[in-house]
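Chemist: Below is a structure I'd like to ask you about.
Any read-out appearing in this document is the output of simple, stated calculations on the displayed coordinates, not a laboratory observation. Computed from a predicted structure; not experimentally measured. FYI the Cβ positions are ideal-geometry reconstructions off the backbone, even for glycines, and counts take in every protein chain you see.
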Amino acid sequence: MIAKDPITLIREKLKKLNLDAVLLNTSEITRSVNLRYLSGFSGSDATILMTPNQLRLFTDGRYKTQAREESGQFRIHITGDKIRSLGKVIRSQGIRRLGIEGSRISFDFVDALKKAIKNVDVISFGRKGLEDTRIIKGATEIEKISLAARLASSACRELLESDVSGKTEKELAGRLKFLFEQKGASGESFETIVASGIRSALPHGRPTDKRIELGDLVVIDYGCLVSGYSSDETVTCVVGPPTSDQIKIHQVVYEAHNKAIEFVKPGVGTDEVDRVARQTISEAGYGKYFMHSLGHGIGLEVHEAPYLSPRSKTPLEAGMVFTVEPGIYIEGSGGVRLESLIHLTPSGPEILSNASKGLILVT
């Protein structure tokens, strides 16, 4: 499926919801990736106002040149008082029903706006309505995500070629971040997870000063940024010869990971893909140790639609990019997670991340 123009999609939603306009705001406190997606503007402070026939972007003098370069299809308003300028335009356009991005805008901003524009109904547009405009990725988006995935995988391989034993979790995470930037990424897409030993049973274990020891399982979950787009991948390592239990747990997760990816194709429900992985782990006797959903979309955010979970029944479509990341986490013992980043093509899954999903032996 070809990604539909997001401006057109939003305008269609305005008509369905009987709204005169939609307003999105981004600031240092409440960042709106949807504003960036719709307008191209990457600065830290701006508001966009979209009506069925007008596109306006309001920002301050710091971003005068940047706004014109990045948001050429928008009429640019440079102002020292956004609320006042917005109020003036809203009144002049006769806007009576205004949709806002309710999940990404502060109460203070909405309160000030309501005081400036009397007799206007302010209605939450809903996160899903905006997220869905980003669910199918265009060719340029896929190129950026693919590059981020390749850089991150390369950095991880390089990290694991050096000695791991004796280093702290924080040292590994810091080294990985350095390698991302050395290879051309703009930074991490999220705080790298390095969890070793019994801490590998923590699905979101932040790196600590714990030193990695012989016999430890080590789960490393990482991603980097390229032009605002994220990657996400997880590998599991073991320091020294693995135990039979470690081999068994890894093999179950590896099988669930591979079966889920093989099942991915256009038209299949996201809940069905989750079920394939979950059933594989349950049949091996580890069902209660798989405690999160199978995956999530990737793009301008690390977690966005589609969501691969028992509660989501979204049909997969070509152009979607998402993770497949089954895991087993046994408290007091350790855990294994394997995560690959998938681009769904009309003919099936394309794996964008390429670090090994085998049980990686490190020293």
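Chemist: In percent, how large is the relative contact order of the chain, given Cα pairs closer than 8 Å and 6 or more residues apart? Don't jump to the answer; show the numbers that get you there.
Modeler: Values: 802 pairs, mean separation 56.7, N = 363.
After rounding, I find 16 percent.
Chemist: Show the residues, 5+ positions off or on another chain, whose built amide H is closer than 5 Å to the amide H of His77.
Modeler: Under 5 Å from the amide H of His77: Leu57, Phe58, Thr59.
Chemist: Considering the Cα trace of region 53-125, what is its radius of gyration and what is Dmax, both in angstroms?
Modeler: Gyration radius and largest Cα-Cα distance of region 53-125: 12.8, 35 Å.
Chemist: Applying the Karplus parametrisation 6.51 cos²θ - 1.76 cosθ + 1.60 with θ = phi - 60° to the phi angles of region 257-273, what ³J(HN,Hα) value in whole Hz is obtained for each residue in order, glycine and proline being reported as x?
Modeler: Here the 3J(HN,Hα) series is 4, 5, 5, 5, 5, 4, 7, 5, 6, x, x, 6, x, 4, 5, 5, 5 Hz.
Chemist: Related question: Taking the Cα of Val268, stepping 7 Å toward and past its beta carbon, and measuring to each backbone N in region 294-334: which are under 16 Å?
Modeler: 294-297, 306-310, 312-326
Chemist: Ok, one more. How do Glu143, Glu69, Glu233, Glu301 line up, fewest other C-beta atoms within 10 Å first?
Modeler: Fewest to most other Cβ atoms nearby, the residues stand as Glu69, Glu143, Glu301, Glu233.
Chemist: Taking amide hydrogens as modeled 1.01 Å from N in the peptide plane, which residues meet the under 5 Å criterion relative to Ser353, leaving out close sequence neighbours?
Modeler: For Ser353, whose amide H was placed from the backbone, the distant partners under 5 Å are Leu341.
Chemist: Using 0.36 nm per residue, how much length does the chain from Phe178 to Arg157 gain when fully extended, once their Cα-Cα distance is taken away? The partial results should precede the final answer.
Modeler: On the way: separation 21, 0.36 × 21 = 7.56 nm, distance 1.35 nm.
Once the chain is fully extended between Phe178 and Arg157, it gains 6.2 nm.
Chemist: Taking amide H positions as placed in the peptide plane 1.01 Å from N, state which residues far from Val268 in sequence (5 or more) or on other chains have amide H under 5 Å from it.
Modeler: Leu316
Chemist: Under a crude label model (7 Å from the Cα following the beta-carbon direction), how far is Thr243 from Glu255 in nanometres?
Modeler: Each label point lies 7 Å from its Cα, and together they span 2.1 nm.
Chemist: At 0.36 nm per residue, and after removing the present C-alpha to C-alpha distance, how many nm does the segment from Ile29 to Asp5 gain when stretched out fully?
Modeler: Net length gain for the segment: 5.8 nm.
Chemist: Compare Asp216, Asp20, Asp81 in a GNM of the chain, Cα atoms joined below 10 Å, and give the one with the largest fluctuation.
Modeler: Checking each option, the largest mean-square fluctuation is seen for Asp81.
Chemist: I would also like to ask the following. Between Asp121 and Glu191, what is the label-point separation in nm under the 7 Å Cα-to-beta-carbon projection?
Modeler: 4.2 nm
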